[in-house]
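Below you'll find the structure, written out as structure tokens, and then a few comments.
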Amino acid sequence: MIVAVASGKGGTGKTTVTASLAAVWDQPVTGVDLDVEEPNLHLFLHPAMAGCEPAYLPVPVVDEARCTYCGACSELCRFKAISVMGQLLLTFPEMCHGCGGCLAVCPEQAIAPGKRELGEISWGRAGAAGFLSGRLRISEAMSPPLMRLVKARLQQMLAAGGGDAIIDAPPGVSCPAVNAVLDSDVILLVTEPTPFGFYDFQLAWEAFSPLGKPLGAVVNRAGLGNDAIYQFCREKGVPVLAEIPYDRAIAEAYARGLIIAGISGRLQETFISLRDRVRHLANSKAPRQAAHA
Ligand code: SF4
Ligand code: SF4
């Protein structure tokens with residue numbers, strides 16, 4: 001089972017929930033940081049790293065001696081990463097998505113695969129749990145290609161060792177966030193009961209519910225703000241699977257990089273209950289389908 005932990009905005013406690021859920025998981029599990037622009041799951045899981053390697057995207061390298069400037073590659077590339085103007089061919093590796101289409105379509109075999117460094121992938125162990133993370137290279141604009149490579153590595157790890165995965169997804173509702181939850185069996189939306197939290201939670205529900213996956217909410221800093229999120233969840237049929245209280249001790253533990261499931265018996269029970277409810281939701285096979293008005 002793959003659990004994706006997402007949120008409509010940053011700072012809601014998504015990574016805190018991911019780390020605590022991984023800590024109380026009672027089956028083999030891998031904690032995965034897919035927030036490759038700002039990975040920070042390691043700050044809570046404190047993994048012992050076993051390896052790290054650069055991740056590359058295949059980009060076209062053109063042998064102009066073979067090129068006839070037919071324009072087929074340029075016409076095919078929807079990202080405008082390769083362009084033919086008369087007898088001039090230009091490539092823009094930073095815009096390339098590595099689909100390989102231009103290589104396949106070139107009638108002269110004038111294009112060979114080169115590579116652009118996207119960032120790095122690292123892995124290790126955090127106690128009983130596995131750990132996997134991607135980190136985007138500074139100044140690299142596109143995170144989905146690196147996320148795809150991290151997910152491919154995860155599939156290899158799951159195929160070799162089995163077990164479950166808990167993914168810390170990027171915040172927000174843009175392409176990387178949706179990309180991160182696509183392979184999951186269940187989505188957890190972490191939110192907080194404030195006006196900002198409610199607004200972004202609605203956006204997240206609109207973005208993720210059309211995927212047709214079981215979806216539940218975790219309300220962090222419960223007791224703050226109002227009950228608008230609870231009302232919205234009731235209306236949309238989104239179960240609130242856990243509430244994490246607004247508590248100074250939790251904020252202090254967060255600031256010290258501690259797993260909050262470990263700071264009190266009550267919080268441990270909260271996350272064990274969350275684990276069981278997530279598993280039940282994932283196995284319910286009853287996707288919360290879109291009910292957009
Ligand atoms: S690999 Fe795909 S995205 Fe990159 S230049 Fe070729 S067609 Fe465009
Ligand atoms: S498809 Fe091949 S031959 Fe045609 S313009 Fe592109 S690189 Fe040149």
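From Cα pairs below 8 angstrom and at least 6 apart in sequence, can you work out the relative contact order of the chain, rounded to a whole percent?
Working: 603 pairs, mean separation 77.6, N = 293.
Relative CO of the chain lands at 26 percent.
Pairs exceeding a 21 Å alpha-carbon distance, out of K9/K80; K151/K213; K14/K213: K9/K80.
Under DSSP H, which helices of the chain have Cα atoms covering 18 Å or more of the helix axis and a Kyte-Doolittle average no less than -1.0? Span-like helices, by this rule, are 144-161, 195-208, 265-283.
Give me the extension gain from Q231 to Y69: residue separation times 0.36 nm, minus the current Cα-Cα distance, reported in nm with one decimal.
Values: separation 162, 0.36 × 162 = 58.32 nm, distance 6.05 nm.
Taking 0.36 nm per residue and subtracting the Cα distance, the gain is 52.3 nm.
Each of S184, F196, G223 was scored by the projection of its Cα onto the charge dipole of the stretch 162-281, and the greatest displacement toward the positive side belongs to G223; charges sit on the C-beta of Lys, Arg, Asp and Glu.
In this structure, E53 and Q109 have a Cβ-Cβ separation that, at R0 = 30 Å, corresponds to a calculated FRET efficiency of about 0.50.
The charge dipole of the chain, taken about its Cα centre with unit charges on the Cβ atoms of Lys, Arg (+1), Asp and Glu (-1) only, comes to about 380 debye.
Rg then Dmax, both in Å and based on the Cα atoms of the chain: 21.6, 71.
Using the 10 angstrom Cβ neighbour count as an exposure proxy, how do V32, V62 rank, fewest first?
On the way: V32 30, V62 20.
Neighbour counts put them in this order, fewest first: V62, V32.
For the chain, taking a cut-off of 4.7 Å between Cβ atoms, the unpaired cysteines are C52, C67, C70, C77, C96, C99, C106, C175, C233.
Computed from the coordinates by the stated procedures, all read-outs in this text should not be read as laboratory data. Keep in mind it's a predicted model, so treat the numbers as computed, not measured. No Cβ is skipped: glycine too gets one built from the backbone with ideal geometry, and neighbour counts run over all protein chains shown.
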